[in-house]
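Below you'll find the structure, written out as structure tokens, and then a few comments.
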Amino acid sequence: MSAAATVAWIFERDLGFPSFPATFAFYPHREAFEQALINAGYDADLARSTAKTMTAVGGHRRVLLNEATLGSRPWADRLALLAHEFGHSLQYELGGGRRGTSDQWLREGFAEWLSVRVLERLDVVTMASVRRERQRQLQSAGRSKTPSLSELVTFPQWVRAGERQGVQMYALAFLAVDQLLERHGTAAVAGYFTRFARSRDRVANFREAFGEDVETFEASLNATLWRR
């Protein structure tokens with residue numbers, strides 16, 4: 001079974017998400033990957049920044065990948081990246097094929113969480129060990145060098161932050177979504193993305209899905225992450 005098929009199988013059989021068609025398009029180098037992003041509708045500057053900082057981008061029923069960068073990674077890292085990007089494709093599927101205005105930190109954090117679940121299912125890591133490592137990464141960087149969730153709302157914001165704070169922002173997003181899942185469960189997070197099929201109101205969609213405002217959640221998250 002190929003890595004992509006393995007990821008799709010775990011999403012459906014273990015995590016309970018409906019199956020959906022998706023293609024994985026591999027590009028031989030960064031320039032070709034950048035051009036593919038432009039062809040997909042990115043403006044030139046965003047495509048350049050994205051291709052510089054990222055190996056793959058998941059969209060509606062497709063994943064675009066820089067094969068040169070992907071091929072240099074260990075097997076577990078490649079599998080995790082495929083699962084992460086397939087997670088983004090799932091988000092599009094839940095949202096009726098549209099990205100909508102869902103918060104990028106939540107998109108990235110859920111995709112990261114899904115990738116860990118895939119690796120855990122294959123006995124590569126445990127959720128608990130990854131959770132501890134992400135917490136260590138944040139503590140090592142310090143609060144002053146960790147972005148706030150309000151700075152990671154849009155995809156361009158995420159890309160710009162990635163040029164400065166790649167490790168911290170992924171650790172923050174993962175731990176934030178991990179806390180949302182602990183409080184509300186997978187169905188609530190999936191329901192958050194589903195709401196964007198009918199509404200672009202990101203604030204109301206978050207409140208309806210989780211029963212609290214983003215600001216209230218972030219205050220609680222910070223109290224947990226940075227407690228002394």
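The values are calculated or read from the model by the stated rules, or taken from the named source; none is laboratory data. The shown structure was predicted, so the numbers you read here are calculated from the model rather than taken from an experiment. Every residue, glycine among them, receives a Cβ derived from its backbone with ideal geometry; neighbour counts consider all protein chains shown. When the accessible area is computed, the model is the full protein with side chains, heavy atoms only, and any ligands, DNA or RNA have been set aside. Shrake-Rupley method; radii C 1.70, N 1.55, O 1.52, S 1.80 Å.
Residues of region 25-42 that are of a type in the set (A, V, I, L, M, F, W, C) and either in contact with a Pro (Cβ under 8 Å, 6 or more places away or on another chain) or open to solvent by less than 50 Å² (accessible area, probe 1.4 Å) (or both): A25, A32, F33, A36, L37, A40.
Report whether or not E85 is farther than 20 Å from A197 by Cβ, open to solvent by less than 20 Å² (accessible area, probe 1.4 Å) and among the acidic types (D, E). Spelling it out, E85 is indeed farther than 20 Å from A197 by Cβ, open to solvent by less than 20 Å² (accessible area, probe 1.4 Å) and among the acidic types (D, E).
The single condition among (1) of a type outside the set (F, W, Y); (2) more than 14 Å from the chain's Cα centre (by Cα); (3) open to solvent by 60 Å² or more (accessible area, probe 1.4 Å) that Q137 does not satisfy is (3). Of all residues in region 177-196, exactly one satisfies the criterion of being without any contact (Cβ under 8 Å) to a residue 12 or more places away in the chain and either within 22 Å of L138 (Cβ to Cβ) or more than 21 Å from the chain's Cα centre (by Cα) (or both), namely E182. When residues in region 80-106 are screened for being closer than 22 Å to A4 by Cβ and in contact with a helix residue (DSSP H, G or I) (Cβ under 6 Å, 6 or more places away or on another chain), 10 of them pass. Residue count for region 1-20 satisfying the condition of being open to solvent by less than 80 Å² (accessible area, probe 1.4 Å) and either touching a residue at least 40 places away in the same chain (Cβ under 8 Å) or within 19 Å of W113 (Cα to Cα) (or both): 13. Would it be correct to say that S199 is loosely packed, with under 15 Cβ neighbours inside 10 Å, over 14 Å from the mean Cα position of the chain (by Cα) and either part of a helix (DSSP H, G or I) or β-branched (V, I, T) (or both)? Criteria not met by S199. Checked against the criterion of being modelled with pLDDT of 95 or more, in a helix (DSSP H, G or I) and touching a helix residue (DSSP H, G or I) at 6+ places or on another chain (Cβ under 6 Å), region 123-132 contains one or more residues that satisfy it. Within region 179-203, the set of residues being within 16 Å of L90 (Cβ to Cβ) and touching a Ser or Thr at 6+ places or on another chain (Cβ under 9 Å) comprises Y192, F193, R195, F196. State the number of residues belonging to region 43-74 that are open to solvent by 20 Å² or more (accessible area, probe 1.4 Å), in a helix (DSSP H, G or I) and in contact (Cβ under 8 Å) with a residue 40 or more places away in the chain. Total satisfying the criteria: 6. Tell me which residues, restricted to region 202-219, are open to solvent by 40 Å² or more (accessible area, probe 1.4 Å), over 26 Å from F11 (Cβ atoms) and in contact with an Asp or Glu (Cβ under 9 Å, 6 or more places away or on another chain). Once the filter is applied, which keeps residues that are open to solvent by 40 Å² or more (accessible area, probe 1.4 Å), over 26 Å from F11 (Cβ atoms) and in contact with an Asp or Glu (Cβ under 9 Å, 6 or more places away or on another chain), region 202-219 yields V203, R207.
For region 140-169, taking the residues that are among the hydroxyl-bearing types (S, T, Y) and not in a helix (DSSP H, G or I), the one that is most open to solvent (accessible area, probe 1.4 Å) is identified as T154.
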